[in-house]
Each structure stands twice: as C-alpha cells, then as structure tokens.
Amino acid sequence: MNPKAIKEMFLQYGGLCLVLVIMVGVFSGLSENFLQRSTFTTIANQIPDLTLVAVGITFILVVGGIDLSVGSILALSSAVLGALMVDANWPLWSAIPACLLTGAMCGLFNGCVSVGFRIPSFIVTLGMLEIARGATKVVTDSQTKYIGSKVEVIADPLPYLHLSTAFLLAFCAVVLGQFLLSRTVFGRYCIAIGTNEEAVRMSGIRTAPYSIAVFTLSGLLCGLAGLAQTSRLSSADPNAAIGLELLAIAACVIGGTSLMGGRGSVISSFIGVLIISVLQTGLAQIGVSDANKQIITGSVIVVAVLIDSLRNRFRT
C-alpha cells in the first residue's frame, strides 16, 4: 500500500478509532471488569443484527434516502422464521430462504413505491414501519415464538474463536459492502446519485434501478439481521427491534455517512456500531440506569447529527 493510500485511510478512520480507544480507556478506568476478553466477545456476539442493518442503511443514506422501517422488517422476517419453524415444523435451513425473501420483498416494495411514484422515502418507510409491525403481530398472533436450540447454532460462539457465526456473517457483509460501495460501478453510481441525481440522469444513466436495488439490498440485510437476532434470542419476538432504526442511522452518521447523501463508508458505519455498543456496555457496567443510558445515547446521536450538519455547511 502506497503512502498516499495509508494517509487517506488514516484520515478516514483514524479519528473514529481514536474515539473508540478513548472510550475503552475511560470505561476500563471506571470499571475493573470492562477490560476483559469476555466483554469484547460479548459485544461482538451481540451486534450482528445492528451491524447488518447499518450496512443497508449506509447504502440508502448514500443515495440520499432514508429507511425508518428496518426494525419492523427485521421483526417480520424473524416472525416468518419463527412461524415456519414452530407452527409448520420446518427445519432451519428451509426456513432461512423464506426469512431472507421476506426482508428483500419489503425492501423492494419500499424502493418501488418511493422511486416509482417519487414519494419521499421518509414517508414510504414510515408507512412500512407500521405495515410490517402489524404483519408481525398477525404472523405471531402477538405471541413470542420460542424456537430453542434448533436456531441457536448461528449465535453460539465457535470453539476457540469465541465469536459466533452471526458475527462472522456480519463482518463479511461489512467487507463485501465496502467493496461494493467503493470498488464497483454500482457503488460509484450510488454516490453520484446521492450527490446530484439530476446530473446523473442528464448523463443518460437510469437512476431508478440503482435506488430500488439499494432498498432491496437493505431489506435483504434486515432479513439476515432477523435471522441473527432470532438465533441470539432463541425466539421470534413480535416486539423485537423497536428503535433499532435510530441506532442504525446513528451508527452511520457517527461513522461520517451524510444524511444529505453522496458520502459514506460501510467500514466507518461498522466503527459507529462499535462506538455505540461500547458506550452502552460501558454505561451498563458502571451502573448507569436505562433511562440515563437513553439520555446519553440520544445526546451522542444529536451531537453526531450536528457535526454532520456543520460539515455539510462548510463544504457548500
């Protein structure tokens, strides 16, 4: 790797990594149990669902959209998985495609309605948030579907590695997502659409298929996140992932992905997920109440949005 590439990488990720290291140092000083391997493996095995959703949200923010329905789509995908395995007695490997297809179809619906009818994605996905949550309660009859050991294999830590298959899948999604965004024509068009969609359209490129594909990809990742969360909880909960969309958007914004479109990095969003997870785990270990944790996490989100706003103002 040449010196210029190393410098660019340091400028892009160095600040975020420094924040993460400082947070680990502070919580290690405040709690004698924080700086242990078990703490970090626990964090790693709890974040696959948030990581997968954040990867999809990164692409949507890059093209200038937003998706408020990811938490509900995750819950619906999980509910389909639970209903098939508990009520229909399907084996796990047969139910997984249905789980992923549910998420992808919800994302495709969001993309087709938002792009095809030129309705702001904020409004369309707000509607999908309610539709998917209601459908989740219908599928589960508003009852938690306990699956048990048949689904836990994906969330169980692997021997010696202490990391789960779900985390490895999420990490692969981060690597592939970053490659797709930064090294392919598809990724370059997504960034160009978020920067100036009209200019892209005037150059003869049809933008609609790319925008719809981004929403579909996000839905598919929500289905995969639903699988990861169901495996971790051993059950499909109709009230799962409420508020997850805000954490995913916050992770992306903390990582530097612009709410105005045209700029983003999947790796930075992943570091944003780590920052939020370390913050919440550290606060829990030093005995901060859930109410105060929400206040502190919300304050971090507001600061991240303010920084993003100021960054865009200085650029224009």
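The values are calculated or read from the model by the stated rules, or taken from the named source; none is laboratory data. Keep in mind the model is a prediction, meaning the values are calculated, not measured. Neighbour counts are summed over all protein chains in view; Cβ atoms, including those assigned to glycine, are modelled from backbone coordinates with ideal geometry. These accessible areas exclude ligands, DNA and RNA; they are computed on the full protein's heavy atoms, side chains included. Shrake-Rupley method; radii C 1.70, N 1.55, O 1.52, S 1.80 Å.
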One residue is enough: does the range 275-288 have a residue meeting the conditions in contact with a strand residue (DSSP E or B) (Cβ under 8 Å, 6 or more places away or on another chain), touching a residue at least 24 places away in the same chain (Cβ under 8 Å) and part of a loop (DSSP other than H, G, I, E, B)?
no
Filter the range 106-121 for residues that are out of contact with any Cys (no Cβ under 9 Å at 6 or more places or on another chain) and closer than 16 Å to F59 by Cβ; which is surrounded by the fewest Cβ atoms within 10 Å (Cβ to Cβ)?
L108
Taking the range 122-150 and keeping residues under 21 Å from the mean Cα position of the chain (by Cα) and open to solvent by less than 70 Å² (accessible area, probe 1.4 Å) leaves V124, T125, G127, M128, L129, A132, R133, T136
I want to confirm something. Restricting to the range 11-32 and keeping residues that are touching a residue at least 60 places away in the same chain (Cβ under 8 Å) and open to solvent by 80 Å² or more (accessible area, probe 1.4 Å), which single residue is farthest from V273 (Cα to Cα)?
L30
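State yes or no: is A75 buried (at least 19 other Cβ atoms within 10 Å of the Cβ), at pLDDT 90 or above and over 23 Å from G264 (Cβ atoms)?
Values: buried (at least 19 other Cβ atoms within 10 Å of the Cβ): yes; at pLDDT 90 or above: yes; over 23 Å from G264 (Cβ atoms): yes.
In short, yes.
Is the range 37-45 home to any residue that is assigned to a helix (DSSP H, G or I) and surrounded by 24 or more Cβ atoms within 10 Å (Cβ to Cβ)?
No, the range 37-45 contains no residue that is assigned to a helix (DSSP H, G or I) and surrounded by 24 or more Cβ atoms within 10 Å (Cβ to Cβ).
Of all residues in the range 78-105, count the ones that are polar (S, T, N, Q) and surrounded by 17 or more Cβ atoms within 10 Å (Cβ to Cβ). Talk me through it step by step, then tell me what you get.
Within the range 78-105, the first condition is being polar (S, T, N, Q), and the residues that meet it are 78, 89, 94, 102.
Still in the running and surrounded by 17 or more Cβ atoms within 10 Å (Cβ to Cβ): 78, 102.
Within the range 78-105, residues that are polar (S, T, N, Q) and surrounded by 17 or more Cβ atoms within 10 Å (Cβ to Cβ) number 2.
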Given (1) under 21 Å from M85 (Cβ atoms); (2) crowded, with 24+ Cβ neighbours inside 10 Å; (3) at pLDDT 90 or above, index of the condition V273 fails
(1)
